[in-house]
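Here it is: the structure, laid out below.
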């Protein structure tokens, strides 16, 4: 990926002697039971340097397949690879082995990724660092046999694109590994991850694939990184995905003239960045974009859907600059994962669904003043539907309104909270609900009122599904109420003097 990374360690590693002539298989070359990846797979990147458990995040997000970033050497000139170039995490079952086995046991898998922006700019990408093709191939084999995986990814960008000797070494090593795998009954796929323009690969990216063809190295998937254009233009990120992929298709066609159109599309992978990318808000990939890309990817039959990265799939920092830990847009945790997760196995058209968020989610106002917030809706699956918006929970002295009260999913509404001096000081939790044909979703807004002259209700709020017995008190619409007898579902104040509730007055 193009984001700069800080290595855990940048230490000189001792070059480990490996088999050269004949390419002895590390960990054994016998046929094994590893399951090939599905023909269509969702595999977001997992940032392996964070100390988090890939198995835990896989389970939480619903992403059964992960692309594990990154494998590289600890120092330029070395032929020994580590996770993130850290000697603390060698290629062994002690590093992520248990997590990977857990993921595989649940029907998923991981794709170890070599390179990445840091490795590609510091000479620690394995083929940049090591000049021995056999040792490079042996490193690839070691990762395959240690973790029993069926695909390796090569993330090649920045300086690595311009190192033609390393490009050639890498593809020669891939060919050796593919020959070794065929001789030993192993399934091994290779994906290349490359930066893109909005209309296909740059010349340097295309040269990587051309080198693979010359060296007889099979490329199963060409992933394009659909973000970080840095062209000072305003982007429709979903539309750009389609034009970039079409450009890649047009570049692949002459390289693989014997492939059918369906086979060419099945070589293509797409990597998005949820929310705001490194360039800034002009390059923002929204939930609506994600749904559009999902539907397009299913229709085209592409191979891989991914995004950078799983740890960013949450809305904990709306409006903040792009970072490693959140998307910088309002969203629920795992919204992007849930849109893409059905793609594995081929994907089906998802049922219509949506989300509702408030920005900001809190506000403070002096009694007699007014506060506003933007209510945002987004398509999280399927197509946009018409939504009715309502707000509840406003106390006495506070009037809540929405404009408009009906939107199409993806639209916004303004929440306005007008207070009087008689409003009681305190913090109130209001609920904004969107209701459409597929159901309802809500979001909370916390309003703090200061300097009010009213008295805040202290009794528990009335709830329609709760059973009350005679003598119990509740608060509702700025009044205290006492139950005269057993009741449930009867709204205070709607059944008059003969109803179950006695009005004790304002509070």
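If I filter the stretch 355-386 down to residues being part of a strand (DSSP E or B) and in contact with a helix residue (DSSP H, G or I) (Cβ under 9 Å, 6 or more places away or on another chain), which single residue comes out as farthest from residue 425 (Cα to Cα)?
Just the residues of the stretch 355-386 that are part of a strand (DSSP E or B), to begin with: 355-359, 362-366, 370-381, 386.
Add one more test, that the residue is in contact with a helix residue (DSSP H, G or I) (Cβ under 9 Å, 6 or more places away or on another chain), and what stays is 355, 378-381.
Numbers: 355: 31, 378: 34, 379: 37, 380: 37, 381: 41 Å.
Filtering first and then ranking leaves 381.
Could you tell me which residue of the stretch 340-380 is modelled with the highest pLDDT, considering only residues that are farther than 19 Å from residue 448 by Cβ and surrounded by fewer than 16 Cβ atoms within 10 Å (Cβ to Cβ)?
345
Among the numbered criteria (1) within 26 Å of the chain's Cα centre (by Cα); (2) at pLDDT 95 or above, which one does residue 401 miss?
(1)
This table checks each residue for (1) in contact with a strand residue (DSSP E or B) (Cβ under 7 Å, 6 or more places away or on another chain); (2) surrounded by fewer than 16 Cβ atoms within 10 Å (Cβ to Cβ).
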site	(1), (2)
396	yes, no
404	yes, yes
439	no, yes
444	yes, yes
468	yes, no
474	yes, no
496	no, yes
499	no, no
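With (1) farther than 25 Å from residue 294 by Cα; (2) modelled with pLDDT under 95; (3) surrounded by 21 or more Cβ atoms within 10 Å (Cβ to Cβ) as the list, and residue 413 as the residue in question, which single condition is left unmet?
(2)
Oh, and also: Which residues, taken from the stretch 290-339, are within 15 Å of residue 227 (Cα to Cα) and out of contact with any strand residue (DSSP E or B) (no Cβ under 8 Å at 6 or more places or on another chain)?
323
Additional query: Looking at the stretch 187-194, is at least one residue assigned to a helix (DSSP H, G or I) and surrounded by fewer than 19 Cβ atoms within 10 Å (Cβ to Cβ)? If you could, list the steps in order and put the result at the bottom.
Of the residues in the stretch 187-194, the ones assigned to a helix (DSSP H, G or I) are none.
No, because not a single residue in the stretch 187-194 is assigned to a helix (DSSP H, G or I) and surrounded by fewer than 19 Cβ atoms within 10 Å (Cβ to Cβ).
Could you please find all residues in the stretch 404-440 being outside any loop (DSSP other than H, G, I, E, B) and over 26 Å from residue 382 (Cα atoms)? Spell out the reasoning first.
Just the residues of the stretch 404-440 that are outside any loop (DSSP other than H, G, I, E, B), to begin with: 406-408, 412-419, 424, 426-436, 439-440.
Answer for the stretch 404-440, where residues must be outside any loop (DSSP other than H, G, I, E, B) and over 26 Å from residue 382 (Cα atoms): 415, 416, 417, 418, 419, 424, 426, 427, 428, 429, 430.
The values are calculated or read from the model by the stated rules, or taken from the named source; none is laboratory data. Given the structure is predicted, the values throughout are model-derived calculations rather than measurements. As a convention, Cβ positions derive from the backbone with ideal geometry for all residues, glycine included, and neighbour counts pool all protein chains shown.
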